[in-house]
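Asks: This is the structure I have questions about; it appears just below.
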Amino acid sequence: MKKSILIFFTAAFAFSLFSCNSKKVSSEKKSYSEELTLTMAEVNPSGTISSEMDRAFKEKVEELSGGKIKINLQFNGILGDENSIIKMMSSPNSSIQLSRISAFNLTALGCQKSALFTIPFTFKNRDHFWNFAESDTAQAILNEPYEKSVGIKGVFYGEEGFRHFFSIKPLSSTSDFEGINVRVSSDPVMHGIVRGLKAIPVSVAFADLYSALQTGKTEAAEQPIANYLANHFHNIAPYMILDGHTLGVTEVVITSECWDSLSPDQKDIISKAGKYAGEVCRKISQEAEDKAVTELKAQGAVFTEVNDITPWKNTCVDITREITQTDPELYQQILDLAN
């Protein structure tokens, strides 16, 4: 009996060392000699900006670890939509350890700093965003969910390009939105933007968006250009107005449970791979978007330029004021990084 008990506790201890679904273990433990596999979720299909960033992260982790850390990367929302993934990851013993998510989805966990990303017209251009992503301010926001003990830790940033509205019928100005149904995520800022346009926000899961456009449940939605192409939304809603209301800021997050179980060396590998993947994202994002525009036009998509952004900003005054008040000093720091 004593021998059986000893074997049981020895096995339990070994499992706690080598599993990312284990309880928190000492941060002083050394690098593992055993292989570790982490499952990573991505809702977009292969070939998008985010999926290529994910792939760069996976490959760099496996390279830096000499193959001892493997990333089981799953595309196409196979593991669920972002809301369900975040819910799973914030719970104990998650079967998903890593995921690329839209940063605004962290607001559902009480991470109010992340809401600042979705304030319309915050980032002037991509360079402004990447100046921010490399700053101490960015790191503070990345750490917010971990410090709030909600079960998730930010690893690194990415972006999918500026988000634009697209529709089944042409939209050429803010006044054209009045009274139409517009699909939005759970993000309260997007709800505010749509209401400011006098449109009707409709909550539809991303996986159901294509069919919602087909059936007329929603007449419009919004996405970055590359995702608009990759998900074939142009086949049913071929009109896109280039308002660029927000930048598609993304984060790759890891469960706190998994992060706490890693050795210092492993954490260093994850962090270095994240920095590398962010650099890849910065390099490919504009190029991928330009290529997508060319392909979309060849397939019949119609783009409408916005020459004066002022009317669009005016429709967002109320939601901008409301969200900015959560942390005006931090928001000003983000704005100041434009230079």
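Asks: Can you confirm whether the stretch 149-161 contains a residue that is over 23 Å from Met40 (Cβ atoms) and in contact with an Asp or Glu (Cβ under 9 Å, 6 or more places away or on another chain)? Please lay out each step first, then the result.
Replies: We begin by selecting, within the stretch 149-161, every residue over 23 Å from Met40 (Cβ atoms); these are none.
No, the stretch 149-161 has no match at all.
Asks: Give the number of residues within the stretch 282-336 that are in contact with a helix residue (DSSP H, G or I) (Cβ under 7 Å, 6 or more places away or on another chain), under 19 Å from Val249 (Cα atoms) and acidic (Asp, Glu).
Replies: Going through the stretch 282-336 one residue at a time, the tally reaches 2.
Asks: Only residues in the stretch 163-175 that are closer than 21 Å to Gly248 by Cβ count as the first member; pair them with residues that are of a type in the set (Ser, Thr, Tyr) and open to solvent by less than 20 Å² (accessible area, probe 1.4 Å), Cβ under 8 angstrom, at least 6 apart or cross-chain, and list the lot.
Replies: From the stretch 163-175, the pairs are Arg163/Thr246; His164/Tyr228; Phe166/Tyr228.
Asks: Scan the stretch 196-212 residue by residue and report those that are closer than 28 Å to Ile284 by Cβ and either crowded, with 19+ Cβ neighbours inside 10 Å or modelled with pLDDT under 95 (or both).
Replies: To start, the set of residues in the stretch 196-212 that are closer than 28 Å to Ile284 by Cβ comprises 205-207, 209-210.
Passing the criteria: Ala205, Phe206, Ala207, Leu209.
Asks: Kindly establish whether Ile193 is crowded, with 23+ Cβ neighbours inside 10 Å and within 15 Å of the chain's Cα centre (by Cα).
Replies: Working: crowded, with 23+ Cβ neighbours inside 10 Å: yes; within 15 Å of the chain's Cα centre (by Cα): no.
When the stated conditions are applied, Ile193 does not pass them.
Asks: Check whether at least one residue in the stretch 104-113 is of a type in the set (Lys, Arg) and modelled with pLDDT of 95 or more, and report yes or no. Full working, then the answer.
Replies: Keep residues of the stretch 104-113 that are of a type in the set (Lys, Arg), which gives 113.
Subsequent filtering for residues that are modelled with pLDDT of 95 or more retains none.
No: the stretch 104-113 contains no residue that is of a type in the set (Lys, Arg) and modelled with pLDDT of 95 or more.
Asks: Residue pairs, Cβ under 6 Å, 6 or more apart or interchain, first in the stretch 286-308 and over 18 Å from Ser172 (Cβ atoms), second assigned to a strand (DSSP E or B). List them.
Replies: That search, which allows pairs on different chains as well, returns Glu289/Gly161.
Asks: Right, something else. Looking at the stretch 170-193 only, could you name the residues that are of a type in the set (Gly, Ala, Ser) and either assigned to a loop (DSSP other than H, G, I, E, B) or within 25 Å of Gly80 (Cβ to Cβ) (or both)? Please lay out each step first, then the result.
Replies: Filtering the stretch 170-193 for residues of a type in the set (Gly, Ala, Ser) gives 172-173, 175, 179, 185-186, 192.
Within the stretch 170-193, Ser172, Ser173, Gly179, Ser185, Ser186 meet the criteria.
Asks: Another question about this same structure. Among the residues of the stretch 32-57, write down those that are in contact (Cβ under 8 Å) with a residue 40 or more places away in the chain, open to solvent by 50 Å² or more (accessible area, probe 1.4 Å) and either touching a Lys or Arg at 6+ places or on another chain (Cβ under 8 Å) or of a type in the set (D, E, K, R) (or both).
Replies: Matches in the stretch 32-57: Glu52 only.
Asks: Part of a loop (DSSP other than H, G, I, E, B) and either farther than 23 Å from Arg55 by Cα or at pLDDT below 95 (or both): which single residue out of Asn83, Asn76 fits that description? Give the derivation first.
Replies: Working: Asn83 fails: part of a loop (DSSP other than H, G, I, E, B).
Asn76 is the lone residue from the list that is part of a loop (DSSP other than H, G, I, E, B) and either farther than 23 Å from Arg55 by Cα or at pLDDT below 95 (or both).
Asks: For residues in the stretch 288-339 being assigned to a loop (DSSP other than H, G, I, E, B) and open to solvent by 80 Å² or more (accessible area, probe 1.4 Å), which is modelled with the lowest pLDDT? Let's see the steps before the verdict.
Replies: Initial filter on the stretch 288-339 (assigned to a loop (DSSP other than H, G, I, E, B)): 299-301, 306-309, 316, 325-327, 337-339.
Retained after the next criterion (residues that are open to solvent by 80 Å² or more (accessible area, probe 1.4 Å)): 299, 307-308, 325, 339.
On the way: Gln299: 98, Asn307: 94, Asp308: 95, Gln325: 91, Asn339: 78.
Here the answer is Asn339.
Asks: Residues that are under 18 Å from Lys297 (Cβ atoms): list the helices (runs of 4 or more DSSP H) wholly contained in the stretch 194-273 that include at least 1 such residues.
Replies: On the way: elements: 209-215, 225-230, 256-261.
Result: 225-230.
Asks: Within the stretch 257-285, take every residue that is free of Cβ contacts under 8 Å to residues at least 60 places away in the same chain and surrounded by 15 or more Cβ atoms within 10 Å (Cβ to Cβ) and give me the one that is nearest to Leu171 (Cα to Cα). Even if it seems obvious, please write down each step before you answer.
Replies: Filtering the stretch 257-285 for residues free of Cβ contacts under 8 Å to residues at least 60 places away in the same chain gives 267-268, 279, 283.
Next, only the ones that are surrounded by 15 or more Cβ atoms within 10 Å (Cβ to Cβ) stay: 267, 279.
Details: Lys267: 47, Glu279: 35 Å.
Looking at the filtered set, the residue picked out is Glu279.
Asks: May I ask you to say which residue of Leu79, Leu64 is more than 21 Å from Lys275 (Cα to Cα) and hydrophobic (A, V, I, L, M, F, W, C)?
Replies: Leu79
Asks: Which one of these does Gly66 not meet: (1) in contact (Cβ under 8 Å) with a residue 24 or more places away in the chain; (2) surrounded by fewer than 16 Cβ atoms within 10 Å (Cβ to Cβ)?
Replies: (1)
Asks: In addition: Name the one entry in Ile152, Ile168 that is under 30 Å from Trp130 (Cα atoms) and modelled with pLDDT of 95 or more. Working first, answer last.
Replies: Numbers: Ile168 fails: under 30 Å from Trp130 (Cα atoms).
Among Ile152, Ile168, only Ile152 is under 30 Å from Trp130 (Cα atoms) and modelled with pLDDT of 95 or more.
Asks: Which condition number in (1) farther than 26 Å from Lys113 by Cα; (2) modelled with pLDDT under 95 is the one that Thr215 fails?
Replies: Exception for Thr215: condition (2).
The values are calculated or read from the model by the stated rules, or taken from the named source; none is laboratory data. All values reported here derive from a predicted model rather than from experimental measurement. Here Cβ is always computed from backbone atoms with ideal geometry, including for glycine, and neighbour counts include all displayed protein chains. Note: accessible area is taken over every heavy atom of the protein model, side chains too, but ligands, DNA and RNA are not part of it. Shrake-Rupley method; radii C 1.70, N 1.55, O 1.52, S 1.80 Å.
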